[in-house]
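Below: the structure, in structure tokens.
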Amino acid sequence: MIVVMSPSATQADVTAVRKTIEAHGLEAFVSVGQERTVVGVVGTDIERVANIASLAGVEQVIRVTQPYKLASVEHHRERTRVVAGGVPIGQGSELVAIAGPCSVESREMVLDTARWVRHEGARMLRGGAFKPRTSPYTFQGLGKPALEMLAEARAETGLPVVSEVVDTAELEDMERHVDVLQVGSRNMHNFVLLRAVGRSSRPVLLKRGFGATIEEWLMAAEYVLSSGNSDVILCERGIRTFETATRNTLDLSAVPLLRRHTHLPIAVDPSHGTGQRDLVTPMALAAAAAGADALLIEVHPDPPNARSDGPQSLDFAEFGALMDELRRLQFVRNGAAAGNGTAPASDGAGSEAQPPGAPIRKLRGRIDDLDQRIATLLQERAAVALEVQEVRGLDRHGHDVARERELLEHAARASTGPLEPEELTAIFGAILRASRSAQRRRSEAHMRARHEG
Ligand code: PEP
Ligand code: MN
């Protein structure tokens, strides 16, 4: 800490400051400059002189070390890896997807969801049993029976479970049924709860308070750490700003910033962070790119009929598409189910024998063959499109919009097979765009040649 004296401070003021510092068992280093005097404070319990700013002649007190100690990189250079129910999160581990419903609604829905998210490559299951809702009149969660359903889903799928603890009275029950204790945004400042989970042997997922600064959030982590629990995962979940277009403003800059200040693993929850289903996937990918160690994603079998947070929940297909993207961008390397590193129970989805290699290779050979033919056909199609353009006149503007629309409609209607009409429309849309680009290049070359010639 540095105490900056005002230019008008007297020698007596400086002496009073020095004596106050020393009276608290700290060391004071007085440095007299041309215009003003500064006093450096060194010692382990600097907070004891936090009031020094009110002494006569003091202009400013500048803190040079962080108020959090155990969470800080100053005292812990290596990043921490928390092992949650067997799944490593943080230092040296790949991104972990934690997925599941906002709240557990029934045994079937949580089992269904657990199987699916596991199948798609999630490594942990989330699900609320006790819900801290803004209104006391909305669904508050199924409570204890939900903990048993989560434990059953865990036993079947092997996915460790994350669930929110809202009351110290439930802590023992929670510890028996879940692998990670979530402290929710609304409870980030509940110091009694923070101390209680700090005495637990279960890792803690600490959500950022929606009105909390990063420093306050790290101080909340400090409560848990200083109570004896070193397994804390921070979770950015959006903060309240003047913006009303999204449920919260997801502060992704918090991720690289936290990496600078703390060694603790960092998760991001784009579901609560945005409140809108179609924003979840892009923000999840952005969070991964920003350096998140884990993602917390709400997934529901039937979002429109969810009892809580339906508008921000992904359905199974949407979650699958997100996992595909995470794999494509290599944030996640595990394949679905078989390679995800959790131990499946004997009756679980992962218990089938590995598919035999030879038939798979044969089928993949057929796919390679088809892809080759499709590529050749696409080139052939583009070449004919250029011929059309040649006949029409190279300086006339390209395509026939009505014909293109007809083609798209026809493609969507005509064929039978596993692809949905929208998927076919998307593919033909891409073909038409590529074809137009090729035509445009040809026109440009033609016009340039004419102007030069
Ligand atoms: C939740 O994850 O279920 C939840 C209630 O989140 P938050 O505390 O971030 O609002
Ligand atoms: Mn929710």
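The values are calculated or read from the model by the stated rules, or taken from the named source; none is laboratory data. Everything quoted here is computed from the prediction, not taken from an experiment. Cβ sites come from the backbone with ideal geometry, for glycine too, and all protein chains shown count toward neighbours.
Give me the pairs: first residue in segment 290-304 and farther than 12 Å from W116 by Cβ, second residue among the acidic types (D, E), beta-carbon distance under 7 Å, and six or more apart or on different chains, which are they?
Close Cβ pairs satisfying both conditions: L296/D269; E298/D309; P303/D315.
Go through segment 38-124 and tell me which strands (runs of 3 or more DSSP E), entirely inside it, have 1 or more residues that are in the same structural domain as H177 (by TED's automatic domain parsing), at positive phi and away from ligand 1 (no atom under 16 Å from the Cβ).
In segment 38-124, the matching strands (runs of 3 or more DSSP E) lie at 87-90.
Consider T246 against the criteria (1) surrounded by fewer than 18 Cβ atoms within 10 Å (Cβ to Cβ); (2) outside any loop (DSSP other than H, G, I, E, B): it satisfies all of them except one. Which criterion is unmet?
So the condition that T246 fails would be (2).
Quick one: is R18 of a type in the set (K, R), at pLDDT 90 or above and either assigned to a helix (DSSP H, G or I) or more than 30 Å from P145 (Cβ to Cβ) (or both)?
So R18 fits the description; yes.
When the residues of segment 125-144 are filtered to those that are without any contact (Cβ under 8 Å) to a residue 12 or more places away in the chain, exposed (fewer than 15 other Cβ atoms within 10 Å of the Cβ) and not β-branched (V, I, T), which remaining residue is nearest to ligand 1 (Cβ to nearest atom)?
Among those residues, the one meeting the criterion is S135.
For a quick check of your reading of the model, give me the residue pairs whose first member lies in segment 260-277 and is within 16 Å of V183 (Cβ to Cβ) and touching a residue at least 60 places away in the same chain (Cβ under 8 Å), whose second is among the hydrophobic types (A, V, I, L, M, F, W, C) and within 16 Å of ligand 2 (Cβ to nearest atom), with beta-carbon atoms closer than 6 Å and at least 6 apart or on different chains.
Filtered contacts from segment 260-277: A267/C235; A267/L296; D269/C235; D269/L296.
Rundown of residues vs (1) more than 16 Å from ligand 2 (Cβ to nearest atom); (2) more than 16 Å from L295 (Cα to Cα), yes/no style:
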| residue | (1), (2) |
| --- | --- |
| G238 | no, no |
| T241 | yes, yes |
| A245 | yes, yes |
| N248 | no, yes |
| D251 | yes, no |
| R260 | yes, yes |
| L264 | yes, no |
| A267 | no, no |
| P270 | no, no |
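Residue-by-condition table, conditions (1) crowded, with 19+ Cβ neighbours inside 10 Å; (2) basic (K, R):
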| position | (1), (2) |
| --- | --- |
| I239 | yes, no |
| D251 | no, no |
| V255 | yes, no |
| R260 | no, yes |
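Which residue, of A412, A402, A337, A358, is within 28 Å of G92 (Cβ to Cβ) and at pLDDT below 95?
Step by step, each of A412, A402, A337, A358 is checked, and only A337 is within 28 Å of G92 (Cβ to Cβ) and at pLDDT below 95.
With respect to A434, determine if the residue is assigned to a helix (DSSP H, G or I), out of contact with any Pro (no Cβ under 6 Å at 6 or more places or on another chain) and among the small types (G, A, S).
Against the criterion (assigned to a helix (DSSP H, G or I), out of contact with any Pro (no Cβ under 6 Å at 6 or more places or on another chain) and among the small types (G, A, S)), A434 qualifies.
Give the residues of segment 152-173 that are within 24 Å of the chain's Cα centre (by Cα) and of a type in the set (A, V, I, L, M), sorted by residue number.
Within segment 152-173, A153, L159, V161, V162, V165, V166 meet the criteria.
Can you tell me which of G85, G128, G121 is within 16 Å of the chain's Cα centre (by Cα) and at pLDDT 95 or above?
On inspection, the qualifying residue turns out to be G121.
Quick check on this structure: which one of L55, L26 is surrounded by 12 or more Cβ atoms within 10 Å (Cβ to Cβ) and under 43 Å from the mean Cα position of the chain (by Cα)?
On inspection, the qualifying residue turns out to be L26.
In contact with a Pro (Cβ under 8 Å, 6 or more places away or on another chain), farther than 16 Å from S163 by Cβ and crowded, with 19+ Cβ neighbours inside 10 Å, is that true of G90?
Judged against the criteria, G90 is a match.
Condition check ((1) of a type outside the set (A, V, I, L, M, F, W, C); (2) touching a helix residue (DSSP H, G or I) at 6+ places or on another chain (Cβ under 9 Å)) across all residues:
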| position | (1), (2) |
| --- | --- |
| A28 | no, yes |
| A53 | no, no |
| L70 | no, yes |
| T80 | yes, no |
| V83 | no, no |
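If you take the residues in segment 189-202 that are within 16 Å of ligand 1 (Cβ to nearest atom) and surrounded by fewer than 24 Cβ atoms within 10 Å (Cβ to Cβ), which one is nearest to C235 (Cα to Cα)?
Here the answer is H189.
For segment 281-312, give me each residue that is in contact with a Leu (Cβ under 6 Å, 6 or more places away or on another chain) and of a type in the set (S, T, Y).
Correct list: T281 only.
For (1) under 21 Å from L234 (Cβ atoms); (2) aliphatic (A, V, I, L, M); (3) not in a helix (DSSP H, G or I), each residue gets a yes or a no:
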position: P282; (1), (2), (3): no, no, no
position: A289; (1), (2), (3): yes, yes, no
position: L295; (1), (2), (3): yes, yes, yes
position: R307; (1), (2), (3): no, no, yes
position: L322; (1), (2), (3): no, yes, no
position: V332; (1), (2), (3): yes, yes, yes
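Which of the numbered conditions does P145 fail, given that it passes all the others? Conditions: (1) part of a loop (DSSP other than H, G, I, E, B); (2) away from ligand 2 (no atom under 14 Å from the Cβ); (3) out of contact with any helix residue (DSSP H, G or I) (no Cβ under 8 Å at 6 or more places or on another chain).
That leaves (1) as the condition not met.
Go through (1) within 16 Å of ligand 2 (Cβ to nearest atom); (2) within 18 Å of the chain's Cα centre (by Cα) and name the single condition V96 misses.
Every condition holds for V96 apart from (1).
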